[in-house]
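Everything below concerns the one structure shown next.
The values are calculated or read from the model by the stated rules, or taken from the named source; none is laboratory data. Fair warning: this is a prediction, and the values are worked out from it, not measured in the lab. Cβ atoms come from the backbone with ideal geometry, glycine included; neighbour counts cover every protein chain shown. What goes into the accessible areas is simple: the full protein's heavy atoms, side chains included, and nothing from ligands, DNA or RNA. Shrake-Rupley method; radii C 1.70, N 1.55, O 1.52, S 1.80 Å.
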Amino acid sequence: MKINDIEKHWKDWATKFGQDIRATVKSKTIKELEVDALIRAIKDAGYKVNDKFSILEAGSGTGHNCISIAESFPNASIHGFDYIPEMVNNAESLNKKIGLKNIEYSCQDLLKIDESPLAKNAFDVVFTNRCLINLNTHQLQNKAVKNLAKLVSKDGILLLAENPKIKFERQNYLRSLIGLSARTPPEFNLLINQDDLIQTAEANDFELIYEDNFSSLHDLLLYVLIPAINDGKIDYNHPILEVARELSLKVFQDEKNAFSNYGQNRMFYFARKNRNK
């Protein structure tokens with residue numbers, strides 16, 4: 001899909017779903033797991049609940065990630081940006097209802113972030129959540145990673161929660177074992193080449209500390225096992241997903257990757273190579 005068509009898709013969804021989580025994701029249960037993975041990673045970096053530090057989200061959509069993180073770290077200064085004005089407006093309206101004082105939003109283009117006032121700042125935590133997959137070439141995805149790297153402070157971390165192509169293919173392999181046809185990614189997404197992503201981050205002064213396969217149990221159920229007993233249909237509201245979410249949230253407090261790597265989501269935790277250790 002052309003980049004202008006991808007932009008139109010997100011404008012349409014922002015208008016259709018407004019402040020609802022559905023503007024950026026179909027499953028409320030996966031959103032909770034995404035946010036949990038980000039919060040755990042921030043804590044892994046050594047930040048405590050009441051610490052003062054800065055956080056930047058690229059591709060913040062309707063702001064649900066920023067809101068959850070702001071509630072978990074009330075003294076953190078959080079900025080979210082998106083290139084869809086309608087998304088930014090929805091995020092600002094939602095935050096006004098909630099009344100959190102430590103969040104700001106702006107409309108920015110990640111591919112032109114050097115031209116933004118944000119480029120003058122350095123953030124302790126920079127993250128994406130299914131942002132890079134909305135760029136329609138791997139070259140643009142790599143450029144985006146380079147731009148994100150410039151925004152991270154000298155001791156900061158870079159968290160990229162994205163959908164690798166290799167994981168999607170692994171999931172389709174599991175589907176094939178039980179007679180289900182292969183799924184195709186949404187036309188507005190280009191799944192990342194995770195080797196390229198890692199190499200690009202490493203070339204820009206980062207090292208990969210760990211990978212978090214936070215959606216494995218959830219996605220195995222959603223995309224493989226539920227369709228197997230539901231005439232091949234995916235059910236984003238199936239009650240078993242609530243149980244999978246609850247179990248995952250508890251298990252992951254002590255054991256990352258407890259359910260292997262069968263989900264289509266993966267978070268890459270990068271830290272500066274020359275950070276204070």
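In table form, for the structure just shown:
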item	result
Residue within region 121-130 that is at pLDDT 95 or above and among the polar types (S, T, N, Q) present	yes
Residues (in contact with a helix residue (DSSP H, G or I) (Cβ under 7 Å, 6 or more places away or on another chain), open to solvent by 70 Å² or more (accessible area, probe 1.4 Å) and farther than 22 Å from residue 254 by Cα) located in region 4-52	15, 28
Failed item, numbered, when residue 113 is tested on (1) open to solvent by less than 20 Å² (accessible area, probe 1.4 Å); (2) in a helix (DSSP H, G or I); (3) closer than 18 Å to residue 47 by Cα	(3)
Only listed residue being in contact with a Lys or Arg (Cβ under 6 Å, 6 or more places away or on another chain) and either at pLDDT below 95 or not hydrophobic (A, V, I, L, M, F, W, C) (or both), chosen from 115, 86	86
Checking residue 201 against (1) open to solvent by less than 40 Å² (accessible area, probe 1.4 Å); (2) part of a loop (DSSP other than H, G, I, E, B); (3) of a type in the set (Gly, Ala, Ser), the condition it does not meet	(2)
Restricting region 239-277 to residues that are assigned to a loop (DSSP other than H, G, I, E, B) and buried (at least 18 other Cβ atoms within 10 Å of the Cβ), the residue that is nearest to the chain's Cα centre (by Cα)	265
Selection count where residues are polar (S, T, N, Q), open to solvent by 30 Å² or more (accessible area, probe 1.4 Å) and either part of a loop (DSSP other than H, G, I, E, B) or at pLDDT below 95 (or both), scope region 53-83	1
Breaking point among (1) closer than 23 Å to residue 262 by Cα; (2) touching a helix residue (DSSP H, G or I) at 6+ places or on another chain (Cβ under 7 Å), for residue 107	(1)
